[in-house]
Amino acid sequence: MTCDQQRFERDVANHVMTIHRDDGVDRHITFKKPGDSSYWFEILTWPGALCIRGDCGTYVFSRLNDMFDFFRAKYERVKEGELFINPSYWLEKMVASDSSGRHPSAVEELDEKAFKARVHEEIEE
């Protein structure tokens, strides 16, 4: 099952952000529904790395000293209020992943339908 922006926003609508540490590029932030562990996740950063772990599995990225800058990048074609994900570029910057055995190769699976739709968008532009 894929997760689009609408589903993600619905799943995290009642999450509370708790900042455990915010010391420059050293951060530990948890996102969780009060009294419920459904769809919880946390983000940890340290110089040159960002780790997201929780119900989604665990993914570690490395690119810039402050990885928040990497994920905050602005893109001209993104509409106001739209989240932007660049899966192929993010995959290049992923240094580790673990989905607790549920989907061990999920980050490398090709979504053929999405790929074809993206190619058609580029051709039309």
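The values are calculated or read from the model by the stated rules, or taken from the named source; none is laboratory data. Quantities reported herein were computed from a predicted structural model and do not represent experimental measurements. Heads up, the Cβs are rebuilt from the backbone with ideal geometry, glycines too, and the neighbour counts pull from every protein chain shown. Calculation scope for accessible area: heavy atoms of the full protein, side chains included, ligands and nucleic acids excluded. Shrake-Rupley method; radii C 1.70, N 1.55, O 1.52, S 1.80 Å.
Can you pull out the GluC sites (Glu not before Pro) in the range 8-92 that DSSP calls coil and that have at most 15 other Cβ atoms within 10 Å? Intermediate values should be presented prior to the final figure.
On the way: sites: 9, 42, 76, 80, 82, 92; in loops: 76, 80, 82.
In loop regions of the range 8-92 (DSSP not H, G, I, E or B), the sparsely surrounded GluC sites (Glu not before Pro) are 76, 80, 82.
Give me the one-decimal nm value for the distance between modelled label points at residue 28 and residue 79, 7 Å along each residue's Cα-to-Cβ direction.
The two pseudo-label positions are separated by 4.0 nm.
Would you list 17, 67 from the most to the least accessible area, probe 1.4 Å?
Values: 17 110, 67 0 Å².
Solvent-accessible surface, decreasing: 17, 67.
Relative to the present Cα-Cα distance, how much length would full extension add between residue 68 and residue 20 at 0.36 nm per residue of separation? The partial results should precede the final answer.
Values: separation 48, 0.36 × 48 = 17.28 nm, distance 1.63 nm.
Once the chain is fully extended between residue 68 and residue 20, it gains 15.6 nm.
According to the square roots a ≥ b ≥ c of the eigenvalues of the Cα gyration tensor, what is the shape class of the range 17-78, taking rounded for a/c under 1.5, prolate for a/b larger than b/c otherwise, and oblate for the remainder? Present the calculation step by step, with values, prior to reporting the outcome.
Numbers: a/c = 1.90, a/b = 1.43, b/c = 1.33.
Prolate, because a/c is 1.5 or more and a/b exceeds b/c.
What is the gain in length, in nm to one decimal, between residue 96 and residue 113 on full extension, counting 0.36 nm per residue of separation less the C-alpha to C-alpha distance?
Details: separation 17, 0.36 × 17 = 6.12 nm, distance 2.60 nm.
So the chain would gain 3.5 nm between residue 96 and residue 113.
Lys and Arg at +1, Asp and Glu at -1: add these up for the other residues within a Cβ distance under 10 Å of residue 86 and post the number. Present the calculation step by step, with values, prior to reporting the outcome.
Details: positive: 93; negative: 92.
Charge balance in the 10 Å sphere: 0.
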